[in-house]
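One structure is given below, encoded as structure tokens.
The values are calculated or read from the model by the stated rules, or taken from the named source; none is laboratory data. Worth saying up front: this structure is predicted, and the values here are computed from it rather than measured. A quick note on method: Cβ atoms are made from the backbone with ideal geometry, for glycine too, and the neighbour counts reach across all protein chains shown. Note: accessible area is taken over every heavy atom of the protein model, side chains too, but ligands, DNA and RNA are not part of it. Shrake-Rupley method; radii C 1.70, N 1.55, O 1.52, S 1.80 Å.
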Amino acid sequence: MKKLLVLTLSAGLATAGAQTVNTIPATPVSTGLSGVELGLTGGYAGGLSGELFVHAPNVAGPFGVKAGISLTRPSDSINDNSAVDPSGVLFPSTLTFGEAKQQGLATESGSRTVVSLDGTYGLGEVTPGVGTTVYAGGRYGMFRSTADFGNSGSRSYSSSAFGIGAGVMVSYALTGNLSLVGDLGIDQFFGSSITVSSSNGNVDTFNSSDAGYNDVNSQFVRPGTVFKARVGIKTSF
């Protein structure tokens, strides 16, 4: 009986040991670097700026595609050194926009909307949890500025332009599929025609070869080279 009990216990321990050895390892926790990413960043790009983007990082190996749309409130919309009314009809021809603002005769506002499409290349993790991606691609910008002269009316300038840009995004994994992301880059926009709309209903479009283009171009502050720095969050799914 004792021998039978010993044999039974030995067999049970051996079975338990075999089950322990053959336990399937737990599935590794995903870093969130391989899925489609949705991000929102804010910071500076010629003014207070925010961007919403979608990024597919691994379309072909480390190569991916990123699409985004940004909105910027420019720090300067109308050139302070430009003449308010070169013709001298409504204001003295020597009055600058900066002087008009100081005298309470004028205010300014503006917006810049930029749609971007970039190719990306993932450089991997520089340190555990910190990934780096470089990008470059095309830009399409829509720019608008308004000079408001109160009872004397207002004048709005609008223009659309193509451009190119490049930069680097650095991400830091926070928890699960959520990461902190920083974006540093530079965009370059090219010249284009300008449309001027007055509150009296007049609408004129000026090309670079037209008479009066230089006066209008000197008043309307449009982006040429833009340095941008934004920080935000992104999630993977």
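The single condition from (1) exposed (fewer than 15 other Cβ atoms within 10 Å of the Cβ); (2) in a strand (DSSP E or B) that Gly191 fails is (2).
The set of residues in the range 139-163 being among the hydrophobic types (A, V, I, L, M, F, W, C), surrounded by 15 or more Cβ atoms within 10 Å (Cβ to Cβ) and closer than 18 Å to Ala67 by Cα consists of Ala161 alone.
Looking at Ala173, is it within 24 Å of the chain's Cα centre (by Cα), more than 30 Å from Phe91 (Cα to Cα), open to solvent by 20 Å² or more (accessible area, probe 1.4 Å) and not β-branched (Val, Ile, Thr)? Answer is yes for this residue. In this structure, Gly122 qualifies as over 23 Å from Val84 (Cα atoms), open to solvent by less than 60 Å² (accessible area, probe 1.4 Å) and in contact (Cβ under 8 Å) with a residue 60 or more places away in the chain.
Within the range 199-223, being of a type outside the set (Val, Ile, Thr) and surrounded by 13 or more Cβ atoms within 10 Å (Cβ to Cβ) holds for Ser199, Phe206, Asp210, Tyr213, Asp215, Asn217, Ser218, Gln219, Phe220, Arg222, Pro223. From the list Gly131, Gly141, Gly39, Gly124, the lone residue that is within 22 Å of Leu174 (Cα to Cα) and modelled with pLDDT of 95 or more is Gly39.
May I ask you to verify whether Glu99 is among the charged types (D, E, K, R), surrounded by fewer than 20 Cβ atoms within 10 Å (Cβ to Cβ) and under 30 Å from Thr175 (Cα atoms)? I'd like the intermediate steps shown before the answer.
Details: among the charged types (D, E, K, R): yes; surrounded by fewer than 20 Cβ atoms within 10 Å (Cβ to Cβ): yes; under 30 Å from Thr175 (Cα atoms): no.
No; evaluated as a whole, the condition is false for this residue.
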